[in-house]
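Nothing in this text is a laboratory measurement; each read-out follows from the coordinates by a stated rule. Not measured: the values here are computed from a predicted model. As a convention, Cβ positions derive from the backbone with ideal geometry for all residues, glycine included, and neighbour counts pool all protein chains shown.
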Amino acid sequence: MDRQARLLLIAGTLAYALVSVIVVLGAAAPMDSFVYELVAPLAGSTFAYITELGSVRVLIGLSFVGMLFWLWRGQRAEAFRLPIVVIGTLVLTQLLKLVYGIERPLIDAALDATTYSFPSGHASGSLALYGLIAFSLYRSQRSLILVSLMMLFVVIVSFSRVILNVHYFSDVLGGWLVALVVIVISEWWIRRKET
């Protein structure tokens, strides 16, 4: 693992540990309330549709579509990496939810919000899929517009969970950090295979 990847892995892991301690101690509540009050006026049916872009079935489905695209382009490692990172991130997130057992602000089956709150699966899954696609496009010097669009998906899907009041903002931060760590590990694995 090169120095940058190692530093990012350590920083992501430590940041996740810090956020989880803050969440468990209840110290994230002021920040969570502040962010919710900022975004709550945006609530509406639009975000109920946007949040579906982070649902398990959409994330896994799109990861396999992405896999087919990269296979078609002859990038086998990237092709298999995408669904492995997405599914791995979603499984790890669900396991972490069971470890922490933190209740949601609102439980709503219609919004795919029935499990524990921390970390957010929609946030981790959207960064795993759309963020990894953005990273791969950026690294291969593809359109900056596509890279920006993918990162916009990460942000709007993640914040849709806070806007709809089914997650706290700290859940989103935790989800992003989980995905970041998984992506860094996958990057190390890809680079190792290439050498």
| Which residue, L146, L129, L38, has the most motion in a Gaussian network model of the chain that connects Cα atoms within less than 10 Å? | L38
| note | the range 153-195 and the range 22-80 have their Cα centres apart by a whole-number Å value of 8 Å
| query | Put a dot 7 Å past each Cα toward the Cβ at W189 and Q94; how far apart are the dots in nm? | reply | 1.8 nm
| said: Could you give each residue of the range 166-176 its phi-based ³J(HN,Hα) in whole Hz, using Karplus coefficients 6.51, -1.76, 1.60 with θ = phi - 60°, and x for Gly or Pro? | reply: 10, 8, 8, 4, 4, 5, 5, 4, x, x, 4
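When the helices in the chain are scored as -39500 (n - 2.57) per DSSP H run of 4 or longer and the sum is shared across all residues, what 222 nm value do you end up with, to the nearest 500 deg cm²/dmol?
Values: 9 runs with 141 residues, N = 195.
Rounded to the nearest 500, the figure is -24000 deg cm²/dmol.
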| task | Calculate one ³J(HN,Hα) per residue across the range 75-82 by plugging θ = phi - 60° into the Karplus curve 6.51 cos²θ - 1.76 cosθ + 1.60, and present them in order as whole Hz with x for glycine and proline. | result | 9, 4, 4, 5, 4, 6, 4, 4
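Seen from all sides and averaged, what is the projected area of the convex hull of the Cα atoms in the chain, in nm²?
Details: hull surface 43.7 nm².
For the chain, averaging the hull's shadow over all directions gives 10.9 nm².
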| the range 3-194, relative contact order [Cα under 8 Å, separation at least 6], % | 33 percent
| Whole-Hz ³J(HN,Hα) from phi, Karplus 6.51 cos²θ - 1.76 cosθ + 1.60, for the range 114-124, glycine and proline x | 10, 8, 5, 8, 9, x, 6, x, 5, 5, 5
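Treating only the Cβ atoms of Lys and Arg (+1) and Asp and Glu (-1) as charged, compute the dipole magnitude of the chain about its Cα centre; round to the nearest 20 debye. Before the final figure, lay out each step's value.
On the way: 14 positive and 11 negative charges, 174 e Å.
Its charge dipole is roughly 840 debye.
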